[in-house]
Amino acid sequence: MARYQLHCVGGSGNSFKVALFLNCAGLDWEPVGVDLAGGQNRDAAWRTAANAMGEVPVLEIDGRRMSQSGAILAWLAETHGAFGPAGAEETFETMRWLLFDNHKFTGSFALHRNLFSKASEPHPTVLAYMRSRVESAFSIVDKHLADCRFMLGERPTIVDFSLAGYLYYPAEETGFDLAAAFPAIDAWRKRLAALPGWRPPYEMMPVGNSLPMRRQRIDGSGGSNHRHSDFQ
Ligand SMILES: N[C@@H](CCC(=O)N[C@@H](CS)C(=O)NCC(=O)O)C(=O)O
């Protein structure tokens with residue numbers, strides 16, 4: 001058994017954030033699939049054993065199970081002395097961006113993706129509202145990245161892993177052509193993808209089941225979570 005178990009599903013960008021750290025830091029880990037589509041995370045026993053918040057990712061080591069990708073990333077950086085902030089100023093900046101990511105950047109993008117490609121009948125007004133939230137948050141990060149290689153400067157940190165969690169899923173899932181709309185984000189995600197250990201999310205976590213895309217349900221092709229990213 002690997003040292004770390006990451007309870008996750010391939011379609012979970014929040015899980016991918018943690019997988020990125022584990023793989024880029026060269027740690028001994030394995031993905032453990034969670035059946036979100038089948039409601040495993042709503043099961044009382046799973047919540048008691050794995051995460052009372054009912055979410056993935058959950059990182060397990062020596063019987064300890066941790067949730068919330070931002071908290072896990074901070075713990076991993078501290079524990080392994082890798083990809084963490086250096087000094088008080090960067091520690092503050094790290095917290096600042098992790099909160100922005102969870103609330104606005106990933107928060108809006110992941111919800112828009114669910115509505116865009118998975119909800120049965122997304123209301124056009126709601127979809128347009130979520131799209132505008134994404135555009136607002138992404139414009140802020142795009143502007144920030146126009147002047148630096150990584151979010152905190154010259155080297156990659158957990159801030160990059162957190163913000164990049166959903167940026168390698170195909171446009172047919174997310175509804176965004178990132179290369180066309182946000183050139184600085186596109187250039188930065190390519191720099192991250194060049195790091196040793198980087199692999200696309202469905203390759204890194206070929207496990208579990210998330211809700212199938214609307215089209216797959218209509219086609220009857222089910223909820224396989226073993227798709228490919230179109231990012232190169
Ligand atoms: N802020 C949390 C968000 C976790 C989250 O939203 N996980 C999703 C998958 S990406 C989930 O488990 N959703 C299941 C549900 O809400 O029922 C984190 O960063 O870990």
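Structure summary
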read-out: Qualifying positions in region 162-199 - in contact with a Ser or Thr (Cβ under 9 Å, 6 or more places away or on another chain) and among the β-branched types (V, I, T); value: T174
read-out: Number of the condition not met by A45 [criteria: (1) farther than 25 Å from F150 by Cβ; (2) in contact with a helix residue (DSSP H, G or I) (Cβ under 9 Å, 6 or more places away or on another chain)]; value: (2)
read-out: Qualifying positions in region 92-117 - more than 17 Å from the chain's Cα centre (by Cα) and touching a residue at least 60 places away in the same chain (Cβ under 8 Å); value: E93
read-out: Region 39-59, residues that are open to solvent by 70 Å² or more (accessible area, probe 1.4 Å), within 10 Å of the ligand (Cβ to nearest atom) and either part of a loop (DSSP other than H, G, I, E, B) or at pLDDT below 95 (or both); value: M53, E55
read-out: Matching residues, region 1-58, being of a type in the set (K, R) and within 21 Å of W75 (Cα to Cα); value: R3, K17
read-out: Residues that are outside any loop (DSSP other than H, G, I, E, B) and under 14 Å from the mean Cα position of the chain (by Cα), drawn from region 60-91; value: S67, S69, G70, A71, I72, L73
read-out: Any helices (runs of 4 or more DSSP H) falling wholly within region 103-166 and containing at least 2 residues that are of a type outside the set (A, V, I, L, M, F, W, C), open to solvent by less than 30 Å² (accessible area, probe 1.4 Å) and within 14 Å of the ligand (Cβ to nearest atom); value: 106-117
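The values are calculated or read from the model by the stated rules, or taken from the named source; none is laboratory data. Because the structure is a prediction, the values reported are computed rather than measured. Here Cβ is always computed from backbone atoms with ideal geometry, including for glycine, and neighbour counts include all displayed protein chains. Ligands, DNA and RNA are excluded from the accessible area calculation, which covers all protein heavy atoms including side chains. Shrake-Rupley method; radii C 1.70, N 1.55, O 1.52, S 1.80 Å.
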